[in-house]
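One structure below.
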Amino acid sequence: MPIRKGGVSVDLQQQPISALKGVGPRVAEKLAARGLATLQDLWLQLPRQYEDRTALTPIGLLKPGVAAQVEGRVEAVERGFRYRPMLRVAIGDDSHGTLVLRFFQFRAAQVAQFQVGARVRCYGTPRPGKQGLEIVHPSYRLIDDGGDDALGSSLDPVYPAIEGLGPVSLRRLIAQALDRLPAEEALELLPRQLRDGLPSLREALLTVHRPPQDADVALLLAGRHPAQGRLAVGGLLPHHLGLPRRGLAHPGHAAPVLRATALADTLRQRLPFALTGAQQRVFEQIRADLARPHPMLRLVQGDVGSGKTVVAALAAMCAVEVGQEAALLAPTELLAEQHLNNLRGWFEPMGVRVAWLAGKVTGKARAKVLEEVASGEAQVVVGTHALMQEGVAFHDLALAIVDEQHRFGVHQRLALRDKGTGGNGNGDAIVPHQLVMTATPIPRTLAMAAYADLDVSAIDELPPGRTPVQTVALSAERRPELVERIRKACAEGRQAYWVCTLIDDSDEVVAQAAQSTFEDLCKRLPEVRVGLVHGRMKAAEKQATMRAFKDGAIGLLVATTVIEVGVDVPNASLMVIENAERLGLAQLHQLRGRVGRGSAASSCVLLYQAPLSQMARQRLETMRETNDGFVIAEKDLELRGPGELLGTRQTGLAQFRVADLARDADLLPQVHEKGGEVLRESPDLAERIVARWVGGAVRFAAA
């Protein structure tokens, strides 16, 4: 909806966030870091869950694990200093129930608020504590006996956190943006005949951000409300509208024809192991792609340890044999170094030069590598994001391999592709073939939707001799037994991981944090060297710790899920996953893949906090029953929905602004149908829909 501002027509949807009250340069910068720059971006910043503050639950009727709002009077206050500062406030009501509010972080002014007899209203999820139910860091307010104590009239939306911006401030900004929503006819792009009874975009946005009193709470919390379905259709539709447009660009692209495979065959004969049937099948698919004059864009998916790297190495040999280069890009230096060591072990005895380029390669060493890459002396180049920097020029890049491709943004993958851009004299752009790999299997029912413009191959067979990891689920109450098990394993020379879902103790959720777990295990296991790795550490510090663990200097590594994609440590035979009930199946399976890589029998312990929801119980049972990543992926699709406690996404799937492929898979047939109608009846409308929901990300086809 264009408006007039100073004599200039402005599209309200694209009006900058800075136009809102309270958005100065600093706030705008914080929002921009999360991709929020316009009013439209705020409209599409949807709640991740809802809190029901429309009613009060008697304390005596609270159920563990079920979020509720309660009101009571302060009965006792205890401020402890034994291990670390802690504030415990006991409140009670007429139901003769008592609830403990526990705070790890608090100010003196907060302590002063909680006078015995004070009236407190709070919201949170009660969990069993040492003296009955307790809520850790509830949201709360004190109510004056003569003051306003009206309950909320609707569900309260909870938005994804933005660093440096409080939840109340974010809600106010989104409310301001919603107040500027244009009329339906100015906002809606999808023709009425294609909405099939779904609400308009304006109605859907207002319903999701401001649920009316008569809204179906259960549907909203499950992500199945018609308003959420309308937004999901809007999020999925441009993906399918964009695919035909991307296909049109392919005939204008040419790629090197790599038919020679003698070196690949020689490498296969020299390997100290035989390829599995799945590896052979996938390499034959790649070999056929490389022999064509059009760019290969193939995704190879397979479990950790299925042998994707060997297949990529064989493909790289097809480029080396004709005098061209191959590049392998990995998301971390440790993972890239692991690939480097493997490739050098296979390639250098055959006289193939493998170069290494990462952030820590500096000075003269870096200049030498850049010279080798530019001259073609370096036939295979392995590295991290450094490969995509402006100063890196390839002699003749024919194949770009990207490992754990979901860890890279669209622009990063495009930057690597553009390193090989040239021409063939006929006006066609020459681009390298692209092979992308992921260790996160994608449900077969979604692969075509998520990667409709890629050819998908699956290495669905593990090499012989690998012992399946034994998986058990234990209640958190049995932690002491587990600590003793780790003590014994480390004494026998083996190593272990202990994974936590959080870095620090959270204000909102009950989950064992990595920092406090690290401190606790250091005290309990003084004879074991314990390391700590999490995402907020400096890269050099994190890499040093991971390398020490790989080298055996550290016996127990406490980490967040940052080690989901990590290095190969064959001596690590025990994986403990704290609060396993909070993670999705795909992430649990990825973490379990860190062990079972050596000859020793390996175990994975899923440590959970009771009580378990039905979905969490099914996830843990699935993990105990199978080690097959493809079976797990299908079960994940069957089980998962929105509203999971941590909002864990199925990694490896195409990222959508609003829709979730796993949740919204049932919408795909009608999205295909609607997309076809829009393209046939109004190609211009297709362009506008793609621009709204995707924008520049449509270049993904070339990424």
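The values are calculated or read from the model by the stated rules, or taken from the named source; none is laboratory data. The structure presented is a predicted model; accordingly, all values stated were derived computationally and were not measured. Glycine gets a Cβ as well: all are built from the backbone with ideal geometry, and neighbour counts include every protein chain shown. The area values use the complete protein model at the heavy-atom level, side chains included, leaving out ligands, DNA and RNA. Shrake-Rupley method; radii C 1.70, N 1.55, O 1.52, S 1.80 Å.
What the table below lists for this structure:
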| item | result |
| --- | --- |
| Accessible surface, per residue, of the range 304-347 when the full set of protein chains is kept, probe 1.4 Å, Å² | 22 Å² |
| The range 90-216, accessible area per residue, ligands and nucleic acids excluded (1.4 Å, Å²) | 51 Å² |
| Approximate spin-label separation Ala601-Leu56, in nm, with each point projected 7 Å along Cα-to-Cβ | 5.7 nm |
| Long pairs among Lys30/Lys538; Lys360/Lys419; Lys419/Lys538; Lys360/Lys542; Lys419/Lys550; Lys308/Lys542, criterion Cα-Cα beyond 24 Å | Lys419/Lys538; Lys419/Lys550; Lys308/Lys542 |
| Peptides 113-126, 315-328 ordered by average Cβ neighbours within 10 Å, highest first | 315-328, 113-126 |
| Whole-number accessible area per residue in Å² for the range 515-641, which is evaluated in the context of all protein chains at 1.4 Å | 37 Å² |
| Reachable aspartates and glutamates, given that their alpha-carbon falls under 12 Å from the alpha-carbon of Lys635 and they are not under 8 places away in the same chain | Glu621, Glu625 |
| The range 368-393 residues near the modelled Asn341 label - backbone nitrogen below 18 Å, point 7 Å along Cα→Cβ | 382-384 |
| Fully extended contour minus Cα-Cα distance, from Asp628 to Leu679, at 0.36 nm per residue | 14.4 nm |
| Extension reserve of the Ala491-Ala540 stretch, reckoned as 0.36 nm per residue once the Cα distance is removed | 14.8 nm |
| Whole-number Å³ per residue for the convex hull built on Cα positions in the range 52-97 | 104 Å³ |
| Sequence-distant residues sharing a close amide H with Gly129 (under 5 Å, placed H) | Glu134 |
| Partner aspartates and glutamates for Lys364 [C-alpha distance under 14 Å; skip if fewer than 8 residues away on the same chain] | Glu372 |
